[in-house]
1. With Cβ to Cβ distances under 13 Å as the rule, what net charge do the other residues near A:Gly223 carry (K, R +1; D, E -1)?
2. Please calculate how many Å² of accessible area the range B:18-110 carries per residue, with a 1.4 Å probe and no DNA, RNA or ligand atoms counted.
3. Using a 1.4 Å probe and counting only protein heavy atoms, how much accessible surface gets buried when A and B come together, both sides summed, in Å² to the nearest 100?
4. With just the Cα atoms defining each centre, how far is the range B:323-347 from the range A:77-103? Give it in Å.
5. Using a cut-off of 14 Å between beta-carbons, work out the net charge of the residues near B:Thr57 (Lys and Arg +1, Asp and Glu -1, B:Thr57 not included).
6. Which positions within the range B:38-84 get 10 Å² or more of their accessible surface covered by the other protein chains, compared to the chain by itself, with a 1.4 angstrom probe?
7. Measure up B:Lys146/B:Lys201; B:Lys149/B:Lys201; B:Lys21/B:Lys191; B:Lys146/B:Lys177; A:Lys221/B:Lys132 against 25 Å on the Cα-Cα distance and list the ones that go over.
8. Under a Cβ-only charge scheme (Lys and Arg +1, Asp and Glu -1), can you give me the dipole magnitude of chain B about the Cα centre, in debye to the nearest 20?
Amino acid sequence: MIASARTPALRRLLGLLPALVVIGLFMLVPVAIMALYSFLEANPFGGVVWRFSPEAYVQFLFERDLADNLVFQSGYLIIILRSLGLAVLATILCLIVGFPIAYFIARQPARLRNIWIYLITIPFWTNQLVRTFAWIIILGRNGTIELPFRWLGLLGADDTLGLMYSDFAIVIGLIYAFIPIMVLPIYASLEKLDFRLVEASADLYSSTFETFRRVIIPLAKPGIVAGSILVFIPCLGAFIQPDLLGGGKKLMLGSLVQFQFATARNWPFGAAVAMILLTFVVLCLLWYAQAARRAGAQSGALAHA
Amino acid sequence: MLHRQRDFAEAMSPDPTMERKTAIDVAGVVKRFGHGPAAVVALKDVSLAIRDNEFFTLLGPSGCGKTTLLRILAGFEAVSEGAVSLYGENIAGLPANRRSVNTVFQHYALFPHMTVAENVAYGPQRLGRPVKEIAETVARMLQLVKMEKFAERRPAQLSGGQQQRVALARALAPHPKVLLLDEPLSALDLKLRQAMRAELKQLQRATGITFVFVTHDQEEALSMSDRIAVMSEGEVQQIGTPTEIYEYPANRFVASFIGDANFIVAQIDGITGGMAKCRSVRGLSFTLAAAPGGKPGDKVTLFLRPEKVRIEAPGDAGLAGMIQTMEYLGQSIFYQVDIGEDSPLIVAGRNRDDGGTPYKTGDRVSLVIGADALRMLVA
Ligand SMILES: Nc1ncnc2c1ncn2[C@@H]1O[C@H](COP(=O)(O)OP(=O)(O)O)[C@@H](O)[C@H]1O
Ligand SMILES: [Mg+2]
């Protein structure tokens, strides 16, 4: 009896084994190593000294003065807040730009939709670094945007619009990099939307705006939430855009991690920053899972009725 | 614009002192989809007038343009040519959300993310009605369609018949001047469909709203409508009461689309006092009322409903024939009787208490055709 009950469970486990091994090896182990390193002492020449130390986390909020006293310093906290702010802004703008694109594609004849989706994903086939460099040419001094102003004499020889090396440039870069992953999930939920509901709404005296607000948005919500999370997470950890377009002076969490490992050679601190980043990501995903469960419970109730 | 809609709805209640107004006037409407030679002409010159407070049915086979006409009335499609007016006002430029017309969609199109009550409240809310009034309307509408108990459910939690009722309640809640129904019963099973017929008719009486009902089901059309427009390939073939349509079909299409019919091709030999003497191809002769414009020598089609023929034992009276095949349908029995014409005459016999079917295949019988049963079709 017990054996027969156990066998399928065992078999299921065996079947899942390859996946578990892959996830364990390529996800859990690296994260565990990272967590471990964040609690070790930094070796000034790179790598770590194998001695437990909470120094990396302390370093976040405090500095040691000459007398070895802890003094509060807000530098890194500001970087976290900046990162969150820029990531939220980029996500919202991605949503504002991405939604109409997704809607437009969803309203095309079925035959054309795949072509549009393909076009949307094309930039993905190109190296992100190269694409970000392109923005330097567009936004930079004597770039595509500045030149016409110069020709028209609106800009003096030594003046600049100052588009580059700013939060503006970073956000533009982030939007450009991540807009496809906003468009795709929204498109996926809009494509399933029955557009007869839009007619029904108009039939019931709704203006276009009301229909949008009360029918289209609520039904596209799963896609909007998924797209926003998918954009928010990589924005938070981005380092190419702050590096190239922000001039490396306006750091974000991602660039901080990169800087600690590549330049400052403070591995524990880099790992600690990565852990903090991971915490935000996990919080995000938990919120999403919660929302999904609530939605699921609702439709689950539907299925049982 | 909002209060204007409200006025529409309030002006709704029929005024008994006035002659019945025209609710909808469709004049010379043509609808083409696409351009050039590839264009599909869904409606070719359709004209009809639907009266206030009428249960009007558009009846025709699938693809004849019923939905297209309904969508034009609702404001989802623009006409290619012609004009549509609602209570005397040309509504060509009026978008769907400004027409005091509501639709019960073929597949209901209920909002899946809203409860039944929210669905029903949707229209009155958009019209800016007071909250208290909306609550009352929703309660009244749900009661009207017997769905009070389901107010908090979502559409996915309802059966097809229940969804249909909610769709009806939702469309009636704003109290439109005209309710458009696109094959609302087609997704229901037979018993429910029959029950809903009576309810719809009763609902139309109770609300006093003009109903424009689309169906391809002739029984549905005959049982509910005040008047029917029979359509075929984008054209109106005939408009009339169910009796007129069934008894006096305008042409062969109408006669064969509604109910069963026998057609006999014949020639007019002579007309005296409005009565025509006709001779069929095989030499049978019939006397019947001449169609207007019929002259001796004309080729005409004679038309006869199967249930208007009585089968009797062979005798002097009536048309001699022999039963070829029988189809037992329980309530009635359909006989195919060879009368020497190209095709046999279909005769319907009722299943009576005196023992089912007294005739069998191969029997010689005499067919007695009622005085006014045989009709002449010009087309
Ligand atoms: N949007 C459209 N584009 C092209 N042809 C259409 C469109 N809508 C309807 N038609 C065509 O118009 C004709 C009438 O359609 P419809 O009004 O739906 O018929 P019914 O409702 O009587 O079945 C059909 O031949 C159909 O293919
Ligand atoms: Mg149709």
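The values are calculated or read from the model by the stated rules, or taken from the named source; none is laboratory data. Bear in mind the structure is a predicted one, so any value in this text is a computation, not a measurement. Here the Cβ positions follow ideal geometry from the backbone for every residue, glycine too, while neighbour counts run over all protein chains shown. With ligands, DNA and RNA removed, areas are computed over all heavy atoms of the protein, side chains included. Shrake-Rupley method; radii C 1.70, N 1.55, O 1.52, S 1.80 Å.
1. Values: positive: A:Lys192, A:Lys221; negative: A:Glu191.
Its environment carries a net charge of +1.
2. Values: 3800 Å² over 93 residues.
Heavy-atom accessible area per residue stands at 41 Å².
3. Details: alone 18540 and 18440 Å², together 34810 Å².
It comes to approximately 2200 Å² buried between A and B.
4. One Cα centre to the other: 77 Å.
5. Numbers: positive: B:Arg51, B:Lys66, B:Arg197, B:Lys201, B:Arg227; negative: B:Glu54, B:Asp182, B:Glu183, B:Asp217, B:Glu219, B:Glu220, B:Asp226, B:Glu244.
Around B:Thr57, the surrounding residues sum to -3.
6. Checking the loss per residue gives B:Arg71, B:Phe76.
7. Values: B:Lys146/B:Lys201 15 Å; B:Lys149/B:Lys201 23 Å; B:Lys21/B:Lys191 35 Å; B:Lys146/B:Lys177 23 Å; A:Lys221/B:Lys132 30 Å.
Violating the 25 Å Cα-Cα cut-off are B:Lys21/B:Lys191; A:Lys221/B:Lys132.
8. Numbers: 43 positive and 42 negative charges, 180 e Å.
For chain B, the charge dipole is close to 860 debye.
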